[in-house]
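Below: one structure, written as C-alpha coordinates.
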Amino acid sequence: MTEQPGNEARSRWQQRYDAALAAGRVRDADFTTLSGLEVEPAYGPADEAAVPGFDRIGWPGEFPFTRGLHATGYRGRAWTIRQFAGFGNARQTNERFRSLLTEGGGGLSVAFDMPTLMGRDSDDPLALGEVGHCGVAIDSAADMDVLFEGIPLDRTTTSMTISGPAVPVFCMYLVAAERQGADIAELDGTLQTDIFKEYIAQKEWLFAPEPHLRLIGDLMEYCAAEIPAYKPISVSGYHIREAGSTAAQELAYTLADGFAYVELGLSRGLDVDVFAPGLSFFFDAHVDFFEEIAKFRAARRIWARWLRDVYGARTDKAQQLRFHTQTAGVSLTAQQPDNNIVRTAVEALAAVLGGTNSLHTNALDEVLALPSARAAQIALRTQQVIAEETGVLNVADPLGGSWYVEALTDELERQAEEVFTRIREMGSDGTMTAGILRGIEDGWFTGEIAEAAFVYQRALEKGEKKVVGVNTLTGAGAAADDLEILRVSHQVETDQRAELAGRRQSRDDAAARAAVARMVEVARTEENMVPAMLAAARAEATLGEICDALRAEWGTYTEAARF
(Lines give C-alpha, C1' and ligand atoms only; values in the text may rest on other atoms or scores of the structure.)
Protein backbone atom coordinates (compact mmCIF):
# COMPACT_ATOMS: atom_id res chain seq x y z
CA MET A 1 0.00 0.00 0.00
CA THR A 2 1.59 3.28 -1.13
CA GLU A 3 2.00 5.93 1.52
CA GLN A 4 0.50 9.32 0.60
CA PRO A 5 1.30 12.72 2.10
CA GLY A 6 -1.25 13.82 4.69
CA ASN A 7 -2.55 10.32 5.48
CA GLU A 8 -1.94 10.66 9.22
CA ALA A 9 -4.54 8.08 10.20
CA ARG A 10 -3.01 5.46 7.93
CA SER A 11 0.42 6.19 9.41
CA ARG A 12 -0.94 5.67 12.93
CA TRP A 13 -2.53 2.40 11.86
CA GLN A 14 0.72 1.21 10.24
CA GLN A 15 2.66 1.94 13.41
CA ARG A 16 0.18 -0.07 15.48
CA TYR A 17 0.21 -2.94 13.02
CA ASP A 18 4.01 -3.00 12.89
CA ALA A 19 4.16 -2.98 16.69
CA ALA A 20 1.75 -5.93 16.86
CA LEU A 21 3.82 -7.78 14.26
CA ALA A 22 7.04 -7.17 16.19
CA ALA A 23 5.38 -8.34 19.42
CA GLY A 24 4.23 -11.61 17.84
CA ARG A 25 0.54 -10.66 17.88
CA VAL A 26 0.05 -11.46 14.18
CA ARG A 27 -0.62 -15.08 13.31
CA ASP A 28 1.93 -16.99 11.26
CA ALA A 29 -0.37 -17.77 8.36
CA ASP A 30 -0.74 -17.57 4.58
CA PHE A 31 -2.24 -14.14 3.86
CA THR A 32 -2.82 -14.64 0.14
CA THR A 33 -5.86 -15.26 -2.04
CA LEU A 34 -6.71 -18.73 -3.31
CA SER A 35 -4.76 -17.81 -6.47
CA GLY A 36 -1.71 -16.76 -4.47
CA LEU A 37 -2.08 -12.99 -4.60
CA GLU A 38 -0.61 -11.15 -1.61
CA VAL A 39 -3.15 -9.00 0.23
CA GLU A 40 -2.62 -6.08 2.58
CA PRO A 41 -3.78 -6.28 6.23
CA ALA A 42 -6.19 -3.37 5.60
CA TYR A 43 -7.21 -1.06 2.79
CA GLY A 44 -8.19 2.61 2.69
CA PRO A 45 -8.25 5.68 0.49
CA ALA A 46 -5.12 6.96 -1.22
CA ASP A 47 -6.02 10.43 0.03
CA GLU A 48 -7.96 10.54 3.30
CA ALA A 49 -8.71 14.24 2.86
CA ALA A 50 -10.65 13.43 -0.31
CA VAL A 51 -13.18 11.35 1.66
CA PRO A 52 -15.63 13.60 3.55
CA GLY A 53 -16.05 12.47 7.13
CA PHE A 54 -13.28 9.90 6.88
CA ASP A 55 -12.56 10.33 10.58
CA ARG A 56 -15.89 8.57 11.26
CA ILE A 57 -14.67 5.57 9.22
CA GLY A 58 -10.98 5.61 10.02
CA TRP A 59 -8.68 2.61 10.16
CA PRO A 60 -8.95 -0.61 12.17
CA GLY A 61 -8.02 -0.18 15.80
CA GLU A 62 -8.60 3.58 15.80
CA PHE A 63 -11.35 5.62 17.47
CA PRO A 64 -14.29 5.41 16.82
CA PHE A 65 -13.52 1.78 15.96
CA THR A 66 -15.99 1.64 13.07
CA ARG A 67 -13.60 -0.73 11.30
CA GLY A 68 -12.79 -2.92 14.27
CA LEU A 69 -11.04 -2.90 17.61
CA HIS A 70 -7.57 -3.99 16.53
CA ALA A 71 -5.14 -2.79 13.87
CA THR A 72 -4.49 -6.42 12.94
CA GLY A 73 -8.13 -7.44 12.45
CA TYR A 74 -8.45 -11.22 12.39
CA ARG A 75 -4.78 -11.52 11.40
CA GLY A 76 -4.08 -11.03 15.07
CA ARG A 77 -6.74 -13.35 16.41
CA ALA A 78 -9.72 -14.95 14.75
CA TRP A 79 -13.14 -14.72 16.36
CA THR A 80 -13.89 -17.27 19.09
CA ILE A 81 -16.09 -20.14 17.94
CA ARG A 82 -18.48 -20.31 20.87
CA GLN A 83 -21.34 -22.72 20.21
CA PHE A 84 -24.41 -22.36 22.43
CA ALA A 85 -25.27 -25.73 23.94
CA GLY A 86 -27.23 -27.29 26.77
CA PHE A 87 -29.88 -29.97 27.13
CA GLY A 88 -31.05 -32.61 29.54
CA ASN A 89 -28.88 -32.95 32.62
CA ALA A 90 -25.38 -31.70 33.38
CA ARG A 91 -23.71 -34.95 32.35
CA GLN A 92 -25.34 -35.00 28.92
CA THR A 93 -24.38 -31.38 28.31
CA ASN A 94 -20.84 -32.02 29.51
CA GLU A 95 -20.52 -34.65 26.78
CA ARG A 96 -21.69 -32.13 24.16
CA PHE A 97 -19.27 -29.52 25.51
CA ARG A 98 -16.35 -31.94 25.28
CA SER A 99 -17.33 -32.84 21.72
CA LEU A 100 -17.50 -29.18 20.67
CA LEU A 101 -14.10 -28.42 22.20
CA THR A 102 -12.55 -31.51 20.62
CA GLU A 103 -13.97 -30.54 17.23
CA GLY A 104 -12.37 -27.09 17.37
CA GLY A 105 -14.69 -24.91 19.44
CA GLY A 106 -12.83 -22.11 21.17
CA GLY A 107 -15.10 -21.53 24.16
CA LEU A 108 -18.34 -22.62 25.78
CA SER A 109 -21.78 -21.03 25.87
CA VAL A 110 -24.31 -22.53 28.28
CA ALA A 111 -28.01 -22.82 27.51
CA PHE A 112 -30.19 -23.36 30.58
CA ASP A 113 -33.62 -24.95 30.78
CA MET A 114 -36.69 -22.89 31.58
CA PRO A 115 -36.93 -23.76 35.30
CA THR A 116 -33.31 -22.63 35.75
CA LEU A 117 -33.92 -19.45 33.76
CA MET A 118 -36.81 -18.66 36.10
CA GLY A 119 -34.94 -19.50 39.30
CA ARG A 120 -36.90 -22.68 40.01
CA ASP A 121 -35.65 -26.06 41.19
CA SER A 122 -36.34 -29.12 39.07
CA ASP A 123 -38.80 -30.43 41.67
CA ASP A 124 -40.79 -27.19 41.76
CA PRO A 125 -44.41 -27.83 40.61
CA LEU A 126 -43.96 -25.04 38.05
CA ALA A 127 -41.04 -26.97 36.51
CA LEU A 128 -43.17 -29.99 35.64
CA GLY A 129 -42.56 -31.10 32.05
CA GLU A 130 -39.86 -28.49 31.41
CA VAL A 131 -36.74 -29.96 33.01
CA GLY A 132 -33.87 -30.23 30.53
CA HIS A 133 -35.96 -29.39 27.48
CA CYS A 134 -34.66 -26.02 26.27
CA GLY A 135 -31.28 -26.26 27.97
CA VAL A 136 -29.48 -27.89 30.86
CA ALA A 137 -31.01 -28.20 34.32
CA ILE A 138 -28.89 -26.63 37.08
CA ASP A 139 -30.17 -26.93 40.65
CA SER A 140 -27.03 -26.42 42.72
CA ALA A 141 -23.26 -26.07 42.59
CA ALA A 142 -23.01 -29.87 42.40
CA ASP A 143 -24.63 -29.70 38.95
CA MET A 144 -22.01 -27.15 37.91
CA ASP A 145 -19.30 -29.59 39.05
CA VAL A 146 -20.68 -32.19 36.66
CA LEU A 147 -21.34 -29.70 33.87
CA PHE A 148 -17.68 -28.69 33.71
CA GLU A 149 -16.09 -32.00 34.71
CA GLY A 150 -12.81 -32.40 32.83
CA ILE A 151 -13.02 -28.84 31.48
CA PRO A 152 -10.56 -26.54 33.29
CA LEU A 153 -12.48 -23.36 33.93
CA ASP A 154 -9.35 -21.30 34.44
CA ARG A 155 -8.35 -22.13 30.84
CA THR A 156 -11.76 -22.09 29.15
CA THR A 157 -13.79 -18.96 28.50
CA THR A 158 -17.40 -19.66 29.38
CA SER A 159 -20.49 -17.66 28.51
CA MET A 160 -23.74 -18.22 30.41
CA THR A 161 -26.97 -16.98 28.87
CA ILE A 162 -29.15 -16.24 31.87
CA SER A 163 -30.44 -13.01 33.37
CA GLY A 164 -33.06 -13.25 36.13
CA PRO A 165 -31.16 -15.66 38.43
CA ALA A 166 -27.78 -14.83 36.84
CA VAL A 167 -26.00 -13.90 40.07
CA PRO A 168 -26.75 -17.12 42.03
CA VAL A 169 -25.92 -19.20 38.94
CA PHE A 170 -22.65 -17.26 38.65
CA CYS A 171 -21.89 -18.05 42.29
CA MET A 172 -22.40 -21.76 41.57
CA TYR A 173 -19.99 -21.44 38.63
CA LEU A 174 -17.42 -19.86 40.98
CA VAL A 175 -17.85 -22.71 43.45
CA ALA A 176 -17.27 -25.25 40.66
CA ALA A 177 -14.09 -23.40 39.69
CA GLU A 178 -12.91 -23.36 43.33
CA ARG A 179 -13.52 -27.08 43.61
CA GLN A 180 -11.35 -27.60 40.52
CA GLY A 181 -8.57 -25.74 42.33
CA ALA A 182 -8.78 -22.69 40.07
CA ASP A 183 -7.90 -19.19 41.19
CA ILE A 184 -11.17 -17.39 40.55
CA ALA A 185 -9.27 -14.14 39.99
CA GLU A 186 -8.00 -15.72 36.75
CA LEU A 187 -11.41 -16.70 35.34
CA ASP A 188 -12.50 -15.26 32.00
CA GLY A 189 -15.96 -15.42 30.55
CA THR A 190 -19.29 -13.67 30.23
CA LEU A 191 -22.53 -13.67 32.19
CA GLN A 192 -25.55 -12.22 30.46
CA THR A 193 -27.24 -10.57 33.47
CA ASP A 194 -29.13 -8.15 31.17
CA ILE A 195 -32.42 -7.61 32.96
CA PHE A 196 -33.57 -4.69 30.81
CA LYS A 197 -33.99 -6.89 27.74
CA GLU A 198 -36.10 -9.28 29.79
CA TYR A 199 -38.71 -6.58 30.40
CA ILE A 200 -38.35 -5.35 26.82
CA ALA A 201 -38.45 -8.67 24.98
CA GLN A 202 -37.80 -12.05 26.61
CA LYS A 203 -39.91 -11.84 29.80
CA GLU A 204 -37.71 -13.97 32.08
CA TRP A 205 -37.48 -11.85 35.22
CA LEU A 206 -37.84 -12.73 38.91
CA PHE A 207 -38.48 -9.39 40.60
CA ALA A 208 -39.27 -5.79 39.77
CA PRO A 209 -36.45 -3.92 37.98
CA GLU A 210 -34.99 -2.19 41.06
CA PRO A 211 -33.95 -5.35 43.00
CA HIS A 212 -32.47 -6.79 39.84
CA LEU A 213 -30.44 -3.62 39.30
CA ARG A 214 -29.22 -3.82 42.90
CA LEU A 215 -27.90 -7.35 42.24
CA ILE A 216 -26.32 -6.31 38.94
CA GLY A 217 -24.59 -3.38 40.62
CA ASP A 218 -23.24 -5.72 43.30
CA LEU A 219 -21.98 -8.09 40.61
CA MET A 220 -20.25 -5.26 38.74
CA GLU A 221 -18.49 -4.17 41.92
CA TYR A 222 -17.46 -7.71 42.80
CA CYS A 223 -16.05 -8.56 39.37
CA ALA A 224 -14.22 -5.25 39.04
CA ALA A 225 -12.49 -5.94 42.36
CA GLU A 226 -12.06 -9.73 42.32
CA ILE A 227 -12.24 -11.09 38.74
CA PRO A 228 -10.98 -8.31 36.46
CA ALA A 229 -11.03 -10.29 33.19
CA TYR A 230 -14.60 -11.54 33.70
CA LYS A 231 -17.43 -9.71 31.93
CA PRO A 232 -20.39 -9.55 34.32
CA ILE A 233 -22.91 -8.19 31.80
CA SER A 234 -23.58 -9.13 28.18
CA VAL A 235 -26.08 -6.59 26.94
CA SER A 236 -28.38 -8.52 24.65
CA GLY A 237 -29.93 -7.29 21.44
CA TYR A 238 -30.40 -10.84 20.24
CA HIS A 239 -33.64 -11.42 22.07
CA ILE A 240 -34.94 -7.99 21.08
CA ARG A 241 -34.42 -8.86 17.42
CA GLU A 242 -35.89 -12.32 17.83
CA ALA A 243 -39.02 -10.70 19.30
CA GLY A 244 -39.55 -8.89 15.99
CA SER A 245 -37.63 -5.62 16.12
CA THR A 246 -35.93 -4.00 13.15
CA ALA A 247 -32.15 -3.82 12.90
CA ALA A 248 -32.23 -0.15 13.96
CA GLN A 249 -34.41 -0.95 16.98
CA GLU A 250 -32.12 -3.80 18.02
CA LEU A 251 -29.14 -1.48 17.73
CA ALA A 252 -30.74 1.41 19.59
CA TYR A 253 -32.47 -0.49 22.41
CA THR A 254 -29.37 -2.60 23.06
CA LEU A 255 -26.97 0.32 23.25
CA ALA A 256 -29.45 2.30 25.36
CA ASP A 257 -29.51 -0.62 27.81
CA GLY A 258 -25.72 -0.60 27.78
CA PHE A 259 -25.64 3.13 28.56
CA ALA A 260 -27.98 2.50 31.50
CA TYR A 261 -25.57 -0.11 32.89
CA VAL A 262 -22.78 2.45 32.56
CA GLU A 263 -24.93 4.84 34.57
CA LEU A 264 -25.44 2.09 37.15
CA GLY A 265 -21.70 1.59 37.48
CA LEU A 266 -21.10 5.31 37.83
CA SER A 267 -23.83 5.54 40.47
CA ARG A 268 -21.87 2.94 42.48
CA GLY A 269 -18.79 5.15 42.37
CA LEU A 270 -16.94 2.82 39.98
CA ASP A 271 -14.34 4.14 37.54
CA VAL A 272 -15.73 3.93 34.01
CA ASP A 273 -12.29 3.08 32.64
CA VAL A 274 -12.20 0.09 35.02
CA PHE A 275 -15.72 -1.33 34.68
CA ALA A 276 -16.70 -0.44 31.10
CA PRO A 277 -14.38 -3.07 29.57
CA GLY A 278 -16.43 -5.64 31.52
CA LEU A 279 -19.55 -4.78 29.53
CA SER A 280 -19.92 -6.90 26.42
CA PHE A 281 -22.74 -7.20 23.89
CA PHE A 282 -24.73 -9.93 22.20
CA PHE A 283 -26.25 -9.25 18.79
CA ASP A 284 -28.39 -11.09 16.28
CA ALA A 285 -27.06 -11.70 12.76
CA HIS A 286 -30.12 -11.71 10.53
CA VAL A 287 -30.33 -12.61 6.88
CA ASP A 288 -30.14 -9.11 5.31
CA PHE A 289 -26.41 -9.34 4.69
CA PHE A 290 -25.33 -5.72 4.28
CA GLU A 291 -27.72 -4.27 6.84
CA GLU A 292 -26.28 -6.55 9.50
CA ILE A 293 -22.68 -5.63 8.66
CA ALA A 294 -23.61 -1.95 8.87
CA LYS A 295 -25.37 -2.52 12.20
CA PHE A 296 -22.25 -3.98 13.80
CA ARG A 297 -20.04 -1.19 12.50
CA ALA A 298 -22.48 1.48 13.69
CA ALA A 299 -22.66 -0.15 17.13
CA ARG A 300 -18.91 0.18 17.66
CA ARG A 301 -18.91 3.81 16.52
CA ILE A 302 -21.86 4.89 18.64
CA TRP A 303 -20.57 3.14 21.77
CA ALA A 304 -17.10 4.66 21.46
CA ARG A 305 -18.43 8.18 21.00
CA TRP A 306 -20.95 7.99 23.85
CA LEU A 307 -18.50 6.40 26.28
CA ARG A 308 -15.94 9.10 25.56
CA ASP A 309 -18.13 12.17 25.16
CA VAL A 310 -21.06 11.43 27.50
CA TYR A 311 -19.63 9.15 30.19
CA GLY A 312 -16.01 10.33 30.25
CA ALA A 313 -14.15 7.13 29.35
CA ARG A 314 -10.53 7.94 28.52
CA THR A 315 -8.99 4.61 27.50
CA ASP A 316 -9.44 2.67 24.28
CA LYS A 317 -10.50 -0.45 26.21
CA ALA A 318 -13.32 1.44 27.91
CA GLN A 319 -14.50 2.91 24.60
CA GLN A 320 -14.39 -0.35 22.65
CA LEU A 321 -17.55 -2.37 22.10
CA ARG A 322 -16.92 -6.12 22.19
CA PHE A 323 -19.69 -8.39 21.02
CA HIS A 324 -20.77 -11.97 20.52
CA THR A 325 -23.10 -12.83 17.66
CA GLN A 326 -25.62 -15.59 17.12
CA THR A 327 -27.22 -16.25 13.78
CA ALA A 328 -30.94 -15.53 13.65
CA GLY A 329 -33.07 -18.28 15.08
CA VAL A 330 -36.16 -16.44 13.88
CA SER A 331 -34.96 -16.76 10.27
CA LEU A 332 -35.00 -20.56 10.41
CA THR A 333 -37.95 -22.36 8.82
CA ALA A 334 -39.57 -25.71 9.44
CA GLN A 335 -40.36 -25.83 5.73
CA GLN A 336 -37.41 -27.13 3.69
CA PRO A 337 -35.14 -27.09 6.76
CA ASP A 338 -31.96 -27.79 4.75
CA ASN A 339 -32.25 -24.19 3.52
CA ASN A 340 -31.39 -23.16 7.08
CA ILE A 341 -27.78 -24.22 6.48
CA VAL A 342 -27.51 -21.59 3.76
CA ARG A 343 -29.22 -18.91 5.84
CA THR A 344 -26.91 -19.59 8.76
CA ALA A 345 -23.79 -19.42 6.57
CA VAL A 346 -24.85 -16.05 5.11
CA GLU A 347 -25.65 -14.68 8.57
CA ALA A 348 -22.38 -15.95 10.01
CA LEU A 349 -20.41 -14.33 7.19
CA ALA A 350 -22.19 -11.02 7.88
CA ALA A 351 -21.16 -11.26 11.54
CA VAL A 352 -17.56 -11.95 10.58
CA LEU A 353 -17.40 -9.11 8.04
CA GLY A 354 -18.93 -6.90 10.73
CA GLY A 355 -16.05 -7.78 13.06
CA THR A 356 -17.66 -10.03 15.67
CA ASN A 357 -15.45 -11.15 18.55
CA SER A 358 -17.17 -14.51 18.98
CA LEU A 359 -19.88 -16.37 17.12
CA HIS A 360 -22.52 -19.07 17.48
CA THR A 361 -24.05 -20.62 14.38
CA ASN A 362 -27.53 -22.11 14.71
CA ALA A 363 -28.24 -25.66 13.64
CA LEU A 364 -30.64 -26.42 10.81
CA ASP A 365 -33.09 -28.22 13.10
CA GLU A 366 -33.30 -25.63 15.91
CA VAL A 367 -36.64 -24.39 14.61
CA LEU A 368 -38.00 -27.79 15.67
CA ALA A 369 -35.97 -28.87 18.70
CA LEU A 370 -32.60 -28.66 20.38
CA PRO A 371 -29.93 -29.53 17.80
CA SER A 372 -29.00 -33.11 17.13
CA ALA A 373 -25.31 -34.04 17.26
CA ARG A 374 -25.12 -34.11 13.44
CA ALA A 375 -26.84 -30.74 13.04
CA ALA A 376 -24.60 -29.23 15.73
CA GLN A 377 -21.52 -30.45 13.86
CA ILE A 378 -22.75 -28.89 10.59
CA ALA A 379 -23.26 -25.60 12.42
CA LEU A 380 -19.74 -25.78 13.84
CA ARG A 381 -18.25 -26.71 10.46
CA THR A 382 -20.02 -23.70 8.92
CA GLN A 383 -17.85 -21.38 10.99
CA GLN A 384 -14.74 -23.41 10.30
CA VAL A 385 -15.27 -23.34 6.53
CA ILE A 386 -15.68 -19.56 6.69
CA ALA A 387 -12.52 -19.24 8.77
CA GLU A 388 -10.30 -21.68 6.90
CA GLU A 389 -11.39 -21.46 3.26
CA THR A 390 -12.82 -18.03 2.38
CA GLY A 391 -9.92 -15.68 3.10
CA VAL A 392 -11.96 -13.48 5.43
CA LEU A 393 -9.24 -13.62 8.08
CA ASN A 394 -6.73 -11.89 5.83
CA VAL A 395 -8.04 -8.32 5.66
CA ALA A 396 -9.58 -6.15 8.39
CA ASP A 397 -13.00 -4.68 7.51
CA PRO A 398 -12.78 -5.53 3.79
CA LEU A 399 -16.06 -3.71 3.07
CA GLY A 400 -14.92 -0.46 4.71
CA GLY A 401 -15.28 2.40 2.25
CA SER A 402 -18.06 0.72 0.29
CA TRP A 403 -20.53 3.47 -0.60
CA TYR A 404 -23.44 1.18 0.24
CA VAL A 405 -22.07 -0.15 3.52
CA GLU A 406 -20.97 3.28 4.73
CA ALA A 407 -24.35 4.81 3.83
CA LEU A 408 -26.18 2.03 5.69
CA THR A 409 -23.86 2.46 8.68
CA ASP A 410 -24.58 6.19 8.77
CA GLU A 411 -28.35 5.66 8.44
CA LEU A 412 -28.56 3.08 11.21
CA GLU A 413 -26.54 5.39 13.44
CA ARG A 414 -28.91 8.25 12.65
CA GLN A 415 -31.99 6.17 13.48
CA ALA A 416 -30.40 4.95 16.71
CA GLU A 417 -29.64 8.50 17.82
CA GLU A 418 -33.29 9.45 17.29
CA VAL A 419 -34.31 6.56 19.56
CA PHE A 420 -31.80 7.61 22.23
CA THR A 421 -33.31 11.08 22.27
CA ARG A 422 -36.82 9.64 22.60
CA ILE A 423 -35.83 7.35 25.48
CA ARG A 424 -34.11 10.09 27.45
CA GLU A 425 -37.10 12.37 26.98
CA MET A 426 -39.34 9.72 28.57
CA GLY A 427 -37.35 9.81 31.81
CA SER A 428 -37.85 12.31 34.58
CA ASP A 429 -34.18 13.27 34.88
CA GLY A 430 -32.82 12.94 31.36
CA THR A 431 -30.83 9.78 32.07
CA MET A 432 -31.03 6.71 29.90
CA THR A 433 -31.90 4.61 32.96
CA ALA A 434 -34.96 6.66 33.88
CA GLY A 435 -36.15 6.63 30.29
CA ILE A 436 -35.79 2.86 29.97
CA LEU A 437 -37.65 2.23 33.23
CA ARG A 438 -40.47 4.51 32.10
CA GLY A 439 -40.55 2.83 28.70
CA ILE A 440 -40.84 -0.57 30.37
CA GLU A 441 -43.60 0.65 32.69
CA ASP A 442 -45.55 2.22 29.82
CA GLY A 443 -45.07 -0.73 27.47
CA TRP A 444 -43.38 1.55 24.93
CA PHE A 445 -40.66 -0.92 23.95
CA THR A 446 -43.01 -3.88 23.57
CA GLY A 447 -45.41 -1.75 21.55
CA GLU A 448 -42.69 -0.57 19.16
CA ILE A 449 -41.39 -4.10 18.66
CA ALA A 450 -44.90 -5.48 18.14
CA GLU A 451 -45.57 -2.87 15.47
CA ALA A 452 -42.33 -3.72 13.65
CA ALA A 453 -43.14 -7.44 13.78
CA PHE A 454 -46.64 -6.75 12.43
CA VAL A 455 -45.31 -4.71 9.53
CA TYR A 456 -42.88 -7.47 8.54
CA GLN A 457 -45.50 -10.21 8.88
CA ARG A 458 -47.88 -8.27 6.67
CA ALA A 459 -45.14 -7.88 4.06
CA LEU A 460 -44.59 -11.64 4.14
CA GLU A 461 -48.26 -12.38 3.70
CA LYS A 462 -48.46 -9.98 0.77
CA GLY A 463 -45.41 -11.57 -0.80
CA GLU A 464 -43.43 -8.32 -0.65
CA LYS A 465 -40.75 -10.06 1.42
CA LYS A 466 -39.71 -13.53 0.32
CA VAL A 467 -38.76 -16.60 2.35
CA VAL A 468 -37.74 -19.56 0.23
CA GLY A 469 -39.86 -22.60 0.95
CA VAL A 470 -42.46 -20.58 2.85
CA ASN A 471 -44.05 -18.02 0.53
CA THR A 472 -41.99 -18.67 -2.61
CA LEU A 473 -40.40 -21.74 -4.21
CA THR A 474 -42.48 -24.02 -2.05
CA GLY A 475 -42.07 -27.10 -4.26
CA ALA A 476 -39.96 -30.18 -3.72
CA GLY A 477 -37.50 -30.06 -0.85
CA ALA A 478 -36.57 -31.96 2.26
CA ALA A 479 -39.36 -31.80 4.82
CA ALA A 480 -39.17 -31.40 8.56
CA ASP A 481 -40.57 -34.92 8.92
CA ASP A 482 -37.37 -36.26 7.32
CA LEU A 483 -35.21 -34.99 10.19
CA GLU A 484 -34.22 -37.06 13.19
CA ILE A 485 -34.52 -34.45 15.93
CA LEU A 486 -33.20 -34.58 19.46
CA ARG A 487 -35.83 -35.58 21.98
CA VAL A 488 -35.25 -35.18 25.71
CA SER A 489 -36.67 -38.12 27.62
CA HIS A 490 -38.99 -37.59 30.57
CA GLN A 491 -36.54 -39.80 32.42
CA VAL A 492 -34.20 -36.78 32.57
CA GLU A 493 -36.70 -34.97 34.78
CA THR A 494 -37.31 -38.02 36.94
CA ASP A 495 -33.59 -38.58 37.44
CA GLN A 496 -32.86 -34.91 38.09
CA ARG A 497 -35.55 -34.69 40.76
CA ALA A 498 -34.17 -37.82 42.44
CA GLU A 499 -30.63 -36.44 42.27
CA LEU A 500 -31.79 -33.18 43.84
CA ALA A 501 -33.57 -34.99 46.64
CA GLY A 502 -30.44 -37.00 47.37
CA ARG A 503 -28.29 -33.89 47.53
CA ARG A 504 -30.64 -32.24 49.99
CA GLN A 505 -30.42 -35.30 52.23
CA SER A 506 -26.64 -35.53 52.09
CA ARG A 507 -25.79 -31.86 52.62
CA ASP A 508 -25.53 -30.05 55.95
CA ASP A 509 -29.10 -28.80 55.78
CA ALA A 510 -28.81 -26.45 58.75
CA ALA A 511 -25.73 -24.80 57.21
CA ALA A 512 -27.48 -24.36 53.87
CA ARG A 513 -30.54 -22.81 55.45
CA ALA A 514 -28.41 -20.56 57.65
CA ALA A 515 -26.44 -19.36 54.61
CA VAL A 516 -29.65 -18.46 52.77
CA ALA A 517 -30.97 -16.64 55.84
CA ARG A 518 -27.71 -14.72 56.09
CA MET A 519 -28.02 -13.74 52.44
CA VAL A 520 -31.48 -12.30 53.11
CA GLU A 521 -30.09 -10.31 56.02
CA VAL A 522 -27.48 -8.83 53.70
CA ALA A 523 -30.22 -7.98 51.20
CA ARG A 524 -31.71 -5.67 53.83
CA THR A 525 -28.50 -3.67 54.01
CA GLU A 526 -26.33 -1.86 51.46
CA GLU A 527 -23.65 -4.55 51.74
CA ASN A 528 -22.61 -6.34 48.55
CA MET A 529 -24.67 -9.52 48.24
CA VAL A 530 -22.29 -11.61 46.15
CA PRO A 531 -20.14 -12.96 49.03
CA ALA A 532 -23.20 -14.06 51.02
CA MET A 533 -24.75 -15.66 47.94
CA LEU A 534 -21.45 -17.38 47.20
CA ALA A 535 -21.46 -18.80 50.73
CA ALA A 536 -24.96 -20.17 50.14
CA ALA A 537 -23.82 -21.83 46.91
CA ARG A 538 -20.85 -23.40 48.71
CA ALA A 539 -23.29 -24.85 51.26
CA GLU A 540 -25.22 -26.46 48.37
CA ALA A 541 -28.26 -24.24 48.77
CA THR A 542 -30.31 -24.76 45.65
CA LEU A 543 -31.15 -22.17 43.04
CA GLY A 544 -34.82 -22.34 43.97
CA GLU A 545 -34.10 -21.89 47.67
CA ILE A 546 -31.97 -18.81 47.01
CA CYS A 547 -34.43 -17.24 44.58
CA ASP A 548 -37.51 -18.10 46.64
CA ALA A 549 -35.96 -16.42 49.68
CA LEU A 550 -35.41 -13.27 47.63
CA ARG A 551 -38.92 -13.46 46.17
CA ALA A 552 -40.27 -13.55 49.71
CA GLU A 553 -38.13 -10.51 50.57
CA TRP A 554 -38.55 -8.42 47.41
CA GLY A 555 -41.80 -9.67 45.93
CA THR A 556 -42.43 -10.68 42.34
CA TYR A 557 -43.24 -8.63 39.27
CA THR A 558 -46.21 -8.92 36.94
CA GLU A 559 -46.30 -6.96 33.72
CA ALA A 560 -49.36 -4.74 33.42
CA ALA A 561 -51.92 -5.89 30.86
CA ARG A 562 -52.08 -3.67 27.77
CA PHE A 563 -54.32 -3.78 24.77
Checklist entry - Amide H neighbours of GLY469 under 5 Å, counting only residues 5+ apart in sequence or on other chains, H built in-plane at 1.01 Å? => result THR474
Checklist outcome for this item: Counting only DSSP beta bridges with both partners in the chain, the antiparallel fraction in percent, to the nearest 5, comes to 5
Checklist entry - With helices defined as uninterrupted DSSP H runs, which ones in the chain have an alpha carbon span along their own long axis of at least 24 Å and mean Kyte-Doolittle hydropathy of at least -1.0? => result 209-226, 247-267, 289-309, 403-426, 444-462
Item to check | Entry for Rg and Dmax of the Cα atoms in Å (calculated from the structure that is shown) out of [x] 23.5, 76; [y] 24.4, 70; [z] 29.4, 100 | outcome: [x]
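Looking at the square roots a ≥ b ≥ c of the eigenvalues of the Cα gyration tensor of the stretch 182-291, which shape do they give, rounded for a/c under 1.5, prolate if a/b is larger than b/c, or oblate?
Judged from the Cα gyration tensor, the stretch 182-291 comes out prolate (a/c at least 1.5, a/b above b/c).
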Checklist entry - If amide H atoms are built 1.01 Å from N in the plane of the peptide, which residues on other chains or at least 5 residues away come under 5 Å of the amide H of CYS134? => result MET114
Item to check | Estimated 222 nm signal from helices in the chain, with DSSP H stretches of n ≥ 4 weighted -39500 (n - 2.57), rounded to 500 | outcome: -15000 deg cm²/dmol
Checklist outcome for this item: Taking the alpha-carbon centre of each part, the distance from the stretch 369-437 to the stretch 228-252 in Å is 9
Item to check | Rounded percent of accessible protein surface that carbon and sulfur make up, the chain, 1.4 Å probe | outcome: 52
Item to check | Cα-based Lys proximity count in the chain, under 25 Å, for pairs eight or more positions apart or on separate chains | outcome: 10
Item to check | Residues of the chain: accessible area per residue with a 1.4 Å probe, Å² | outcome: 41
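The values are calculated or read from the model by the stated rules, or taken from the named source; none is laboratory data. In this text, all values refer to a predicted model and were calculated from it rather than measured experimentally. The protein model used for the area step is the full one, side chains on, heavy atoms only, and it has no ligands, DNA or RNA in it. Shrake-Rupley method; radii C 1.70, N 1.55, O 1.52, S 1.80 Å.
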